[in-house]
Amino acid sequence: MVIIGLIAIVLIGIWFSFWLSMKIIEMLPYLILLYIALNILNFILDHKTGILLTILVIAAILISAWIYGSRHPDDESASDQAEAENTAEISPAVADDTDVETLIAQPVALTPAEQRDQAWKQMEKIHPLNMGDGLFIDTKNEQMFLDLGDSEMRGQKYLLEDFSAVQEYKVREETTKTKVIGVRFADMGRYNFADIELSKATNDVLGVSPADYFEGILAQQIFAVHPESSPLQSDDQQGIAGTSH
């Protein structure tokens with residue numbers, strides 16, 4: 001028990017000595033200031049001794065500051081320097097002075113078929129009326145989508161036109177079952193037509209045949225543009241078929 005008590009006393013003494021030394025270090029600036037004040041007072045009382053002590057104090061302060069600065073660098077300055085290094089702007093290299101090539105993503109051009117598929121996906125969302133022969137009618141937005149199939153017109157495999165873009169139409173061919181209607185839109189040449197072959201059989205949803213329904217839309221648009229003319233156009237002009245399948 002005596003040995004344990006002695007060990008405890010020694011440990012307490014070591015801890016107290018460490019604590020006291022830390023406190024002395026914390027109070028060191030105040031002690032230095034006190035020492036300087038005493039030396040100033042001594043200098044006033046005895047000039048010779050005071051001058052010597054003042055020189056020693058200044059030297060001690062400078063040495064202490066140097067030692068403290070070497071062991072504790074300026075954290076704020078170091079932090080500012082690190083931040084400046086991390087955020088420093090890198091000057092862009094001039095193309096003539098560097099071998100590094102800057103890769104710029106180029107937009108991928110869509111093929112006519114891909115353009116058609118993309119346009120159809122937008123049109124399909126509103127569930128347009130299927131007239132047949134690749135023709136779909138959107139009565140709400142007054143648009144028509146025409147899939148040209150394997151053929152092309154103006155470099156495209158489809159036509160997406162507003163009803164108001166109809167400039168002229170004519171019946172190309174007519175049988176007991178079908179009717180081929182050629183349509184010229186505003187962005188087409190004077191003698192260019194898109195030919196669409198539609199059924200003459202009555203559709204249960206429409207209540208009329210697709211051919212009659214489509215021709216009614218065309219006639220209404222023509223009459224709106226040219227009220228003085230007859231809706232049904234003559235066949236005296238020769239057109240270029242856009243599609244017929």
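With the simple model of a label 7 Å out from the Cα in the direction of the Cβ, Glu174 to Tyr35 spans 12.0 nm. Length gained on full extension, Ile4 to Met22, computed as 0.36 nm times the residue gap minus the Cα-Cα distance: 3.8 nm. Each other residue within a Cβ distance under 12 Å of Asp150 adds +1 if Lys or Arg and -1 if Asp or Glu, for a net charge of 0. Against the criterion of solvent-accessible heavy-atom surface with a 1.4 angstrom probe, Lys140, Lys125, Lys179 sort, most first, into Lys140, Lys125, Lys179.
Were the residues from Ala201 through Ile126 laid out at 0.36 nm apart, the gain over their Cα-Cα distance would be 24.5 nm.
In plain terms, the chain from Glu152 to Thr139 could stretch by 2.2 nm, reckoned as 0.36 nm per residue minus the Cα-Cα distance. Cβ-Cβ distance of Ala219 and Asp117, R₀ of 35 Å, FRET efficiency by 1/(1 + (r/R0)^6): the value works out to about 0.65.
Each residue was assigned an accessible area with a 1.4 Å probe, and for Ser64 the value is about 50 Å². Partners of Lys170 within straight-line reach, counting lysines whose Cα lies under 27 Å from its Cα and excluding those fewer than 8 residues away in the same chain: Lys140, Lys157, Lys179, Lys200.
The values are calculated or read from the model by the stated rules, or taken from the named source; none is laboratory data. It should be emphasised that the depicted structure is a prediction, and the values quoted were computed from it without experimental measurement. Glycine also receives a Cβ, built like all others from the backbone with ideal geometry; neighbour counts cover every protein chain displayed. For the accessible areas, the whole protein counts, side chains as well, though only heavy atoms, and no ligand, DNA or RNA atoms are used. Shrake-Rupley method; radii C 1.70, N 1.55, O 1.52, S 1.80 Å.
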